[in-house]
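What follows is a short report on a single structure.
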Amino acid sequence: MKRPSEKNQKAPEKKWFLVKWIMSADHFRVALFAGSCYILYETILEGYELQWIQEMHIGLKKLSASLICMLCPSKWAMGVKMKNRDKDLLESLNQQSGGQGRRKRQRGAGTYVLGTFGCLAVLALVMYLGTRLYAWLDQLEEKEAGSVSAEQEEGRVYTQEELDAQVQAAAEKAATEATFQENQRILGELKNKLSSGETTVETLRPLYPEELVLVSNGTFHFVPIREDLQKNALTQENLNILESGEYQYLENGEVVSHKGIDVSRHQGVIDWEKVSAAGVEFAFLRVGYRGYGNGAMVADEQFESNIKGAVGAGVKVGVYYFSQAVSEEEALEEAAFVLEQIAPYKVECPVVFDVEKVADEGARMNQITVEERTRIVRAFCDRIQEAGYIPMIYHNMEMGVLLLDLSELEGYEKWFAYYSQNLYYPYAYRVWQYSDTGVVDGIGGPVDLNISLRMWES
């Protein structure tokens, strides 16, 4: 495209700048006032013996000298010379009229006043003309500027680069305005959610779809979702919550999940026939645990009663061991203990390594690194698998995101603990523990509720 002409590209030049500066109100009026005072002083003090026209002529020359001296001090010497020359002229005129040198004479009042007021009239005229000239120059400049502006609006030709730059600038402006509006919308949503009672972490999570937001040790963590880990295929629309608070998962309108519980000595004596009649299909029974303080291994006192009652009532069973192992050797010790305890019974569901962070800061397993904890979990699961059972890892979000390297544990099934109806956790798991306050007929107190997305074969 044509490049714009220089005339179109540049604003009108300030070609009358110097004249306007000299004729501007402040400079011009100060100079005239000073010149007037000077002439009156000279006229009154000296009272030249010349005709009033000649006096006015010399007075105007003095005015010019005064203006030059004020506007350009470097010309002062020239002004002095002009003054001396004027004095010489006065002497010459006085001699021609028969005077004796430069002396004062008594003049008629009319001539003296006429000469003085003649100078003042000329000064007033110059001031008026200067003001009119200044206004005319100002109008001329405005007219030229308007002409160029109209020419630019009507006849401006842009290069492709200029058009691209203008389009880019418009796009950036629109994006900025859109960002501001989006920020205002988000702030409004945050305010409404927090006011409605949602926790801070629940409020933040929808704002960071590419990250997992969780709290650990009083600190918010924003962890990028890993693409190298297997994901679950669960959708929020397929989750069905019954009036009783139990969860079901549907596919094509049909229930595909299986109801389960997990129990220990804390549930006391259980009526497994009633539990089976309540629709429970599987149960994870605690075999034992290791103390988080002294590290001692302890068998669950209700394990034998629970496994016999559950198997007898037709409920499929798996087992779990609450670990506080701090080395691979201790993990193998725990695996050996579990295998010994379950040997006499039919265990169709997985054998679970329960790895949890204990609230007590001094808990022994809280002190190890992510790498160490991951190796401990793998050592247990490998030993269970070697024995012919299905290994599984129990964990919550904090453990899975921050305290384990799940990429090293992809080959094992997962049991995920998460007490919310929002399907937020993206990684794969087979069993979901969704409540620790469930109610099941045959159990005297609250119990953990689970659903499994598929049942294990015998």
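With both labels modelled 7 Å from their Cα along Cα-to-Cβ, the ILE368 to GLU408 distance reads 1.0 nm. FRET efficiency for the pair MET127 and LYS193, taken as 1/(1 + (r/R0)^6) with r the Cβ-Cβ distance and R0 = 56 Å, rounds to 0.15.
Which links in LYS316/LYS346; LYS316/LYS414; LYS231/LYS346; LYS274/LYS308; LYS193/LYS231 stretch past 20 Å when you go from one Cα to the other?
Values: LYS316/LYS346 9 Å; LYS316/LYS414 18 Å; LYS231/LYS346 31 Å; LYS274/LYS308 15 Å; LYS193/LYS231 28 Å.
As for pairs spanning more than 20 Å Cα to Cα, those are LYS231/LYS346; LYS193/LYS231.
Stretched out straight at 0.36 nm per residue, the stretch from GLN248 to ALA175 would grow longer than its current Cα-Cα span by 21.9 nm.
Could you please report the charge total around VAL447, scoring K, R as +1 and D, E as -1 over all other residues with beta-carbon less than 14 angstrom from its beta-carbon? Every neighbour counted, the sum reads -2. Note on LYS414, LYS143: ascending count of other Cβ atoms within 10 Å places them as LYS143, LYS414, the fewest first. Summing charges over all other residues whose Cβ lies under 12 Å from the Cβ of LEU402, with Lys and Arg as +1 and Asp and Glu as -1, gives 0. Both radii were evaluated on the Cα set of region 247-373; the Rg over Rh quotient, with Rh as the Kirkwood radius, amounts to 1.03.
Treating r as the C-beta distance of MET455 and ASN183 and R0 as 60 Å, the FRET efficiency rounds to 0.80.
The residues THR219, THR374, when put in order of fewest to most other Cβ atoms within 10 Å, stand as THR219, THR374. In the calculated pair-distance distribution of region 229-452, the portion above 28 angstrom amounts to 28 percent of the Cα-Cα pairs.
Counting Lys and Arg as +1 and Asp and Glu as -1 over every other residue whose Cβ lies under 13 Å from the Cβ of PHE303, the net charge comes to -2.
Zone of ALA387 (label point 7 Å along Cα→Cβ, backbone N under 12 Å): which residues in region 283-315? Only 287-288 fall inside the zone, counting backbone N under 12 Å. In this structure, the amide hydrogen of SER435, modeled 1.01 Å from its nitrogen in the peptide plane, lies closer than 5 angstrom to those of LEU449, counting only residues at least 5 positions away or on a different chain.
Placing pseudo-labels 7 Å out from each Cα toward the beta carbon at ASN238 and TYR208 gives an inter-label distance of 2.8 nm.
Region 181-292 gives an Rg/Rh value of 1.07, both radii derived from C-alpha positions and Rh following Kirkwood.
Just so you know, all these numbers are worked out from the coordinates, no wet-lab data involved. This one's a predicted model, so the numbers in the text were calculated from it and none came from an experiment. Counting neighbours? That spans all protein chains shown, and the Cβs are built from the backbone with ideal geometry, glycine included.
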